[in-house]
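Take a look at the structure set out below.
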Amino acid sequence: MKDFIVAIDGPAGSGKSSISDIVANKLGFTHVDTGAFFRAVTLEALNRGINLENEDEYSFLDDINVIYKDGKTYVNGKDVSSLIRTGEISRNVSTPAKLKRVREKVIEFERMSSHGKIIMDGRDIGTVVLPNADLKIFLTASNEERARRRFEQNKLMGIESDYNTILKEIIERDKKDSERAIAPLKQAIDAIAIDTTKMSIDEVSNTIIKLINERND
Ligand code: CDP
């Protein structure tokens, strides 16, 4: 298969990352989870104790390099994969993600990872980062189903959590991500929307694989 670029966007917990991983493994694509870049920047910002709202305090961005490779996230070579999945990071990540300075830096990380056969997931991939993608997907699911999935995911990772708190937090995060001025969460006009509320992971992955194969003939 020649170069092919897939953009997958959607709200928190819609399954973007798990689905992208499966599709990438089955078809030999590289998966780039762009949420991991924003989470890594948030982790660094919190570790440095800066005021997350203040763009002027993000000069540390000049000193960090974030790489996403084979499902793992590295900041200056250190594996931060589990550290970026905590509730604290999820609650704070929308603040750095709305800042121009942060988004410009993350685009550099994203560009470094994007060549060949790529499946990239995030919020603004089909609209801003890869507007010429060969296939754009917008994944959704009901709020309750997304909260349930995140709750189960936490359980598997050994993270204690409360379903109602998760539900409230993902609704808040989606609101912030959709209402921000720069690169908001939005379906690209040429994206195919898939409501995954009643679909299994395999059904969603197979639907996307079929779409890739159809467009790559
Ligand atoms: O895994 P989950 O769906 O909960 O979120 P994520 O994909 O890890 O993204 C975490 C956060 O990063 C989002 O809530 C956005 O604030 C931000 N993000 C973004 O602004 N643009 C992207 N392309 C990807 C993530």
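The figures follow:
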item: Structure-based [θ]222 nm, the chain - -39500 (n - 2.57) summed over DSSP H runs of at least 4, per residue, nearest 500; result: -13500 deg cm²/dmol
item: Mean separation of Cα contacts under 8 Å, 6 or more apart, over the residue count of the stretch 122-168: relative contact order %; result: 28
item: Length released on extending from K78 to K198, taking residue separation times 0.36 nm less the Cα-Cα span; result: 39.4 nm
item: Share of pairwise Cα separations in the stretch 25-151, more than 22 Å, in percent; result: 38
item: Computed over the stretch 104-217, Cα set: Rg, Dmax in Å; result: 15.8, 46
item: Square roots of 5 times each gyration tensor eigenvalue, C-alpha, the chain, largest first, Å; result: 26, 21, 16
item: Centroid-to-centroid separation of the stretch 109-156 and the stretch 16-62 [C-alpha atoms, Å]; result: 12
item: Percentage relative contact order, the stretch 4-215, counting C-alpha pairs under 8 Å, at least six apart; result: 34
item: Spin-label pair R85/I64, simplified geometry with 7 Å Cα→Cβ offset, distance in nm; result: 1.9
item: Packing-based order for 195-206, 83-94, using average beta carbon neighbours within 10 Å, highest first; result: 83-94, 195-206
item: Neighbourhood charge, 10 Å Cβ-Cβ cut-off, centred on F4 and excluding it, Lys, Arg +1 and Asp, Glu -1; result: +1
item: Dipole in debye (nearest 20) - the stretch 147-217, about Cα centre, beta carbon charges: Lys, Arg +1; Asp, Glu -1; result: 180
item: Within the chain: Cβ-based charge dipole about Cα centre, in debye rounded to nearest 20 (Lys, Arg +1; Asp, Glu -1); result: 140
item: Integer Hz, Karplus 6.51/-1.76/1.60 couplings in order for the stretch 29-41, x for Gly and Pro; result: 8, 9, 9, 10, 8, 6, x, 4, 5, 5, 5, 5, 5
item: Pairwise FRET efficiency - I50 versus T207, Cβ, R0 = 41 Å, nearest 0.05; result: 0.45
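Read-outs throughout are calculated quantities, based only on the coordinates presented, and are distinct from any laboratory measurement. Just so it is clear, the structure is predicted and the values come from calculations on it, not from any experiment. We place every Cβ from the backbone using ideal geometry, glycine too, and count neighbours over all the protein chains shown.
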